[in-house]
Amino acid sequence: MAQAVEKVATSPKEHDALISGSEAIAVACKLADVDVITAYPIRPYDTVMQYVAKLVSNGELDCEYIVAESEHSQFEIVKHASAAGARVFCGSSGVGWMYAFEALTVTPALRIPMVAMVGNRALDDPGAFGVEHNDALAVRDLGWQLVWVDNAQEALDTALIAYRVAEDRRVFLPCAIACDGAFLTHSQSQVKIPPQEWVKRFLPPYNRGDLLLHPDNPITVAPQVNEDWLMEIRKHNDEAMKRSKTVIREAYAEFAKIFGRDYGNPFFEEYQTQDADVVLVGMGTLSMPVKVAIRRMRAEGKKVGFVRIRWFRPFVAEELAATLGRFKAVGIIDRDFSFGSPYTSGVLATEVRAALYPAEKRPPVLAFICGLGGREVTVPDVQRMSEMLLRAAAGERQPLTTWVGIRE
Amino acid sequence: MGRLFAVEIVYRGIFQKNLAKNISRGIALAARHAGKMGISFGRYGDSPERNGIPAKSFAVIGTDEETLQEGMAKYEPKEVDVSIAVDDTLFKGVESWAWYGLQPINRLLRPGGTLIVTSMNGPEALIPMAHRKETPYRLAILKGTPSFSGLWVYKDDHTDVRVLGAIAKVLPDLFTIDDVEKAILEEWSAPLKVTSARKAHERITTRVVSPSEGNLEKTFEFELPKWYEMREGVSIPSIARGAAMTDPVTQQTGGYRPVRNPTFKKYTTRTMRPVVNFDTCVKCTLCWLQCPDSCFDVTPDALYDANMEACCGCGVCEAVCPVENCVTMVNETAFTDNASQWEMWKKDKPAYAAWLQEKIQHKPERSHGFRYRGQYEEQLPPMMEIAGGAGPEDESDKEG
Ligand code: SF4
Ligand code: SF4
């Protein structure tokens with residue numbers, strides 16, 4: 001394992017820093033003492049690369065830092081390094097992430113506990129830097145754990161938690177941390193950086209055990225198989241993803257103990273839902289304008305709440321359905337699209353509807369497509385969505401899917 | 001519910017893949033002329049592009065559409081009416097790319113079904129090679145060497161239609177020779193091929209193989225693990241390292257025999273095997289070094305013993321051996337077991353010398369069609385003569 005050169009004070013106290021979400025992820029890499037990091041520039045992911053490069057050149061982080069010739073190689077390199085026992089970090093954005101797709105499919109299949117950062121970016125064409133969630137969501141069926149964060153502190157904390165969860169032998173699946181381009185990757189905010197000792201206590205060393213690719217442990221990895229093997233192999237990953245829920249809960253509880261920051265329910269955050277009539281549901285930084293709008297509407301006596309989903313994979317369907325069942329109407333804000341999907345909505349709306357189907361209480365669900373390509377989700381946008389929800393709650397028929405904030 | 005027929009064609013990749021396809025297509029086409037409907041397919045998991053590997057094609061025919069559906073969306077039928085081996089060395093068993101373990105050539109044959117083989121050998125040579133079957137079945141021998149017909153530049157030797165003619169004889173419920181004729185004219189518009197098919201139909205005879213006949217060897221099998229018995233991450237522990245060998249006479253130990261995969265031996269890929277003259281070997285190591293499958297066990301006396309559980313019969317060792325006639329490839333039908341040649345030699349050198357001489361002196365057809373330039377051209381006329389289509393008529397040339 002690489003040894004980080006301790007330049008920053010080793011005091012067992014956390015310290016404050018004004019850093020961006022990308023920088024927070026880079027700091028987490030340092031704290032996690034990552035061994036191999038690969039990079040290939042694409043905005044907004046490239047900001048992480050730059051911060052990591054700086055940490056390496058400053059002597060603060062001792063790791064193999066490899067700039068690959070493409071995203072595909074970038075992910076392949078860390079996949080192999082992880083198989084050989086290295087703690088790895090990687091990431092990309094938009095079509096860069098898609099270019100790595102073949103590597104992204106084999107990573108969970110081989111039970112590689114890679115931690116990656118997706119700086120969410122719209123898929124081409126047209127070329128656009130702004131956030132859409134379709135890039136990260138593209139791997140939702142493959143065995144990647146997917147978590148959305150909405151601020152730099154959460155990005156740092158979640159990256160540490162992601163290593164602990166991914167590298168737990170009960171799981172051994174990769175984890176991608178999705179960070180909204182611009183709003184998170186490029187904006188700096190106050191972050192508490194924990195001391196190395198706390199992280200050491202929280203994060204055990206990566207131990208690949210008998211799956212380690214090493215001359216002393218001769219194994220064959222990824223052979224060719226026929227129809228008589230594959231279902232069993234898939235079942236293995238299915239069970240691991242199921243176990244991941246337990247491991248995530250354990251990790252957040254342990255995190256709260258050591259770091260003193262308690263995220264409550266790890267899977268989704270509830271905001272002003274206690275007495276809410278209707279709630280909006282979304283992922284990522286759109287939480288900020290939504291929370292502002294909710295406070296304003298509450299001042300007008302409108303009981304609107306918000307549920308921010310963090311973990312999209314694993315998806316806690318039963319728990320979420322039970323929560324959403326408390327309200328009279330639910331609105332899903334998708335910062336993504338799924339053309340031709342049921343009710344031509346987005347990925348999240350489709351998943352939430354599916355989660356609700358077996359539930360006892362199924363409130364009306366309205367789908368909203370909003371904030372595509374990095375367009376701001378504004379307070380009036382949120383108010384408009386909330387008004388529609390309140391009308392639906394009052395029994396008024398509303399369109400099942402609405403594009404909000406589009407010029408028309 | 002109508003009747004479902006199934007025919008399998010067991011062949012060697014890559015050389016016979018077009019031949020096998022032609023036969024299974026021909027079956028489906030002839031069946032259509034007999035008022036039935038059918039499908040023709042290759043076993044998907046096979047790897048027919050690999051040199052010599054046993055692979056399968058199938059034709060499944062139903063008397064009506066609903067019956068046919070019973071045989072569709074399957075990799076292979078559970079049971080076949082007719083099995084066809086277009087290379088007689090396949091009688092030793094079939095280990096495909098598609099499964100684990102060794103399947104007897106007659107495994108899928110239903111009780112009373114017919115195994116058709118193209119061979120220059122008689123039943124006395126063929127039956128002991130095939131594994132015993134609990135129920136009797138019929139054997140039909142279609143005279144001929146393993147055909148490459150339909151491959152690349154290899155000329156047509158009519159093996160495909162001769163097989164169709166033979167099927168019409170042994171399974172007339174499926175189609176008649178007249179249906180075969182219509183199918184041939186439709187698919188190939190070749191009247192000469194019709195003559196060959198009719199000749200085969202006339203001449204083919206069958207002989208019952210009883211459960212007391214055949215190879216007693218227990219085929220190696222493999223039990224597939226439950227999902228939770230497997231390791232995660234598609235990882236498989238390696239097989240163990242090898243160990244020293246023991247001299248059967250002096251009990252001296254030494255040398256090295258690698259441990260080999262017990263469930264994936266692949267020796268049924270072999271149509272010929274190396275026979276080594278240990279008396280003339282100069283211990284140059286070339287065979288050991290060059291064998292693509294690491295088949296050579298290093299003996300305590302520093303000789304190189306090609307392990308017949310592992311050898312796929314590629315012939316590289318013969319090609320690289322610097323001593324004349326020290327390694328000779330011999331057709332697989334000349335052998336009944338996979339015993340160690342070195343042990344044989346150690347135990348009784350004069351007896352081994354006689355055995356060796358007997359195996360190599362005739363240099364029987366070692367492998368078909370591709371061993372030297374012009375070999376196929378030499379072999380084609382006699383094949384055509386046997387087929388009777390293009391060659392001179394010869395009624396005394398009896399099949400089977
Ligand atoms: S024929 Fe010779 S070189 Fe080829 S696999 Fe057999 S032993 Fe090895
Ligand atoms: S190549 Fe021939 S001479 Fe050389 S070790 Fe092998 S058998 Fe002996």
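The values are calculated or read from the model by the stated rules, or taken from the named source; none is laboratory data. A quick note: this is a predicted structure, and the numbers were derived from the prediction, not measured. Neighbour counts are summed over all protein chains in view; Cβ atoms, including those assigned to glycine, are modelled from backbone coordinates with ideal geometry. In case anyone asks, the SASA skips ligands and DNA or RNA and just uses the protein heavy atoms, side chains included. Shrake-Rupley method; radii C 1.70, N 1.55, O 1.52, S 1.80 Å.
For the reader, a short list of remarks on this structure follows.
- Calculated FRET efficiency for the pair B:Glu358/B:Thr250, C-beta based, R₀ 30 Å, to 0.05: 0.65
- Normalised contact order of region A:3-262, rounded percent, pairs of Cα under 8 Å and 6 or more residues apart: 24 percent
- When chain A is treated as a Gaussian network with alpha carbon springs shorter than 10 Å, the biggest mean-square fluctuation among A:Ala359, A:Ala122, A:Ala136 belongs to A:Ala359.
- Counting only the Cα atoms, region A:268-404 fills a convex hull of 98 Å³ per residue.
- Violating pairs (Cα-Cα greater than 21 angstrom) within the set B:Lys74/B:Lys193; B:Lys143/B:Lys193; A:Lys242/A:Lys361; B:Lys143/B:Lys169: B:Lys74/B:Lys193; A:Lys242/A:Lys361
- Summing Cβ point charges (Lys, Arg +1; Asp, Glu -1) relative to the Cα centre of region A:268-404 gives a dipole of roughly 220 debye.
- The angle between the Cα long axis of helix A:46-57 and the main principal axis of chain A comes to about 30°, on a 0 to 90 degree scale.
- Cα centroid separation - region B:302-336 against region A:310-364, whole Å: 66 Å
- Based on the Stokes-Einstein relation at 4 °C and a viscosity of 1.567 mPa s, and on the Kirkwood radius from alpha carbon pairs, region B:68-216 is assigned a translational diffusion coefficient of 80 µm²/s.
- Sequentially through region B:36-51, phi angles give Karplus couplings (6.51, -1.76, 1.60; θ = phi - 60°) of 10, 10, x, 10, 10, 8, x, 5, 4, x, 5, 10, x, 7, 8, 4 Hz, Gly and Pro residues having no value and appearing as x.
- For region B:71-123, with +1 on Lys and Arg beta carbons and -1 on Asp and Glu, the positive-most of B:Ala85, B:Ser96, B:Pro123 along the dipole: B:Ser96
- Where B:Val208, A:Val191 fall by accessible area, highest first, once all protein chains stay in place (1.4 Å): B:Val208, A:Val191
- Database remark: amide H of B:Val330 closer than 5 angstrom to the amide H of B:Arg273, B:Val275 (H placed geometrically; neighbours at sequence offset of 5 or more, or on other chains; Pro and chain starts carry no H).
- Considering all C-alpha pairs of the protein assembly as shown, those separated by over 48 Å amount to 43%.
- Highest average packing first - B:217-230, B:316-329, A:249-262, Cβ atoms within 10 Å: B:316-329, A:249-262, B:217-230
- Helix A:347-356 and the longest principal axis of the Cα set of chain A meet at an angle near 70°.
- Most simply put, the protein assembly as shown has about 45% antiparallel DSSP beta bridges, counting only bridges with both residues inside it.
- Virtual spin-label span in nm between A:Arg391 and B:Arg231, 7 Å along Cα→Cβ: 6.1 nm
- Projected area, mean over directions - chain B, Cα convex hull, nm²: 22.0 nm²
- Nonlocal amide H pairs with A:Ile193, under 5 Å, H built at 1.01 Å: A:His15, A:Asp16, A:Ala17
- Region A:109-164 and region B:249-282 have their alpha-carbon centroids 54 Å apart.
- Value of relative contact order over region B:243-360, rounded to a whole percent, pairs C-alpha under 8 Å and six or more apart: 31 percent
- Charged-residue dipole, Cβ positions (Lys, Arg, Asp, Glu), chain A about Cα centre, Debye nearest 20: 1300 debye
- Normalised by 2.2 N^0.38 Å, where N counts its residues, the alpha-carbon radius of gyration of region B:243-360 equals 0.98.
- DSSP bridge orientation in region A:268-404 - percent antiparallel, rounded to nearest 5: 20 percent
- Accessible area of B:Thr63 in the full protein assembly, 1.4 Å probe (Å², nearest 10): 50 Å²
- Cross-link partners for B:Lys266 among the lysines, with Cα-Cα distance under 18 Å and sequence neighbours closer than 8 places in the same chain left out: B:Lys56, B:Lys92, B:Lys218.
- For chain B, the relative contact order works out to 15 percent when only alpha carbon pairs closer than 8 Å and six or more residues apart are counted.
- Fraction of antiparallel bridges per DSSP, chain B only, in percent to nearest 5: 65 percent
- Annotation: amide H-H contacts under 5 Å for A:Trp148 (H modelled 1.01 Å from N, sequence separation of 5 or more, or interchain): A:Ala178, A:Trp311, A:Phe312.
- Evaluating 6.51 cos²θ - 1.76 cosθ + 1.60 at θ = phi - 60° for every residue in region A:244-253, the Karplus couplings come out as 3, 4, 4, 5, 4, 4, 4, 5, 5, 5 Hz, glycine and proline recorded as x.
- To the nearest ten degrees, helix B:349-361 and the longest principal axis of the Cα atoms of chain B are 30 degrees apart.
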